[in-house]
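The values are calculated or read from the model by the stated rules, or taken from the named source; none is laboratory data. Worth saying up front: this structure is predicted, and the values here are computed from it rather than measured. Note that each Cβ is placed from the backbone with ideal geometry, even for glycine, and that neighbours are counted across all protein chains shown.
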Amino acid sequence: MSARVGVKICGLTRVADALVALDAGADALGFILAEGSPRRLLPHEARDLVTRVRAETERPFESVAVLGRYDAEAARQALTELGFDRVQLVGFERAPAQPLLMALRQLGSLAARVWGSVRVKDASSFVGLEDAPCEAFVLDAWRVDALGGTGHAFDWELAVPFAARRKVLLAGGLNAGNVAEAIAVVHPWRVDVASGVEDSPGIKNAAKIRAFTEAVRHVE
């Protein structure tokens, strides 16, 4: 790899886990505000957790609020009132282009701090998203009953054309054992992991976090 692949550790619920992730080399930390997620935090809980993490480390990182709907007002609140650096918009729509693009238009200049999400089922999952005015896209596996964090992978080859043109964070079933192969196939901007470094939803495993980031770091 000619450029370093970044790491996002998602679904954090504890300060200690966040600090381990940062010490291991993570670039972004994800905090899930989506209803129904086993890793969900209330908005004020997520804000307070980020504040506590920043107070205990000098290492810079991007805080990411993960929302379970394409809601421009909720995204605006997360960025301007809760103090998150980025917002990740996820929804249950099979083809997210129309609701995502509508939310991005409503956000105006704040759209540059938004990550869209694509739950990849087949090549049609990317239709209509090529010119979306967001910073990047998180690519995860499609499941009818879950927004993400299921530990299931998708066919990485489907992501290759899109990742060649847009910044993507590759997610879905990644762990220390397969992340190097995934990077070699997709060449993502960053990789994104939740269940692959956990003992249970929201409870991270320090050894798994370190093994994952080491595996990413050693990709050439």
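Would you be able to tell me the number of residues in the range 12-34 that are of a type in the set (Val, Ile, Thr), surrounded by fewer than 23 Cβ atoms within 10 Å (Cβ to Cβ) and touching a strand residue (DSSP E or B) at 6+ places or on another chain (Cβ under 6 Å)?
Step one: filter the range 12-34 for residues of a type in the set (Val, Ile, Thr), giving 13, 15, 20, 32.
Retained after the next criterion (residues that are surrounded by fewer than 23 Cβ atoms within 10 Å (Cβ to Cβ)): 13, 15, 20.
Checking which are touching a strand residue (DSSP E or B) at 6+ places or on another chain (Cβ under 6 Å) leaves us with none.
Qualifying residue count for the region: 0.
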Quick check on the range 84-105. Is at least one of its residues in contact with a Gly (Cβ under 9 Å, 6 or more places away or on another chain), aromatic (Phe, Trp, Tyr) and surrounded by fewer than 24 Cβ atoms within 10 Å (Cβ to Cβ)?
yes
Enumeration of residues in the range 186-220 that are more than 27 Å from Phe162 (Cα to Cα) and either touching a strand residue (DSSP E or B) at 6+ places or on another chain (Cβ under 9 Å) or among the polar types (S, T, N, Q) (or both):
Glu198, Ser200, Gly202, Lys204, Asn205, Lys208, Ile209
Answer yes if at least one residue in the range 173-192 is crowded, with 20+ Cβ neighbours inside 10 Å, among the small types (Gly, Ala, Ser) and more than 14 Å from Ala215 (Cβ to Cβ), and no otherwise.
no
Conditions: (1) surrounded by 18 or more Cβ atoms within 10 Å (Cβ to Cβ); (2) under 17 Å from Ala194 (Cβ atoms); (3) modelled with pLDDT of 95 or more. Ser37 meets all but one. Number of the miss?
(3)
As an exercise: evaluate Val64 against (1) surrounded by 24 or more Cβ atoms within 10 Å (Cβ to Cβ); (2) within 15 Å of Ala132 (Cβ to Cβ) and give the number of the one condition it does not meet.
(2)
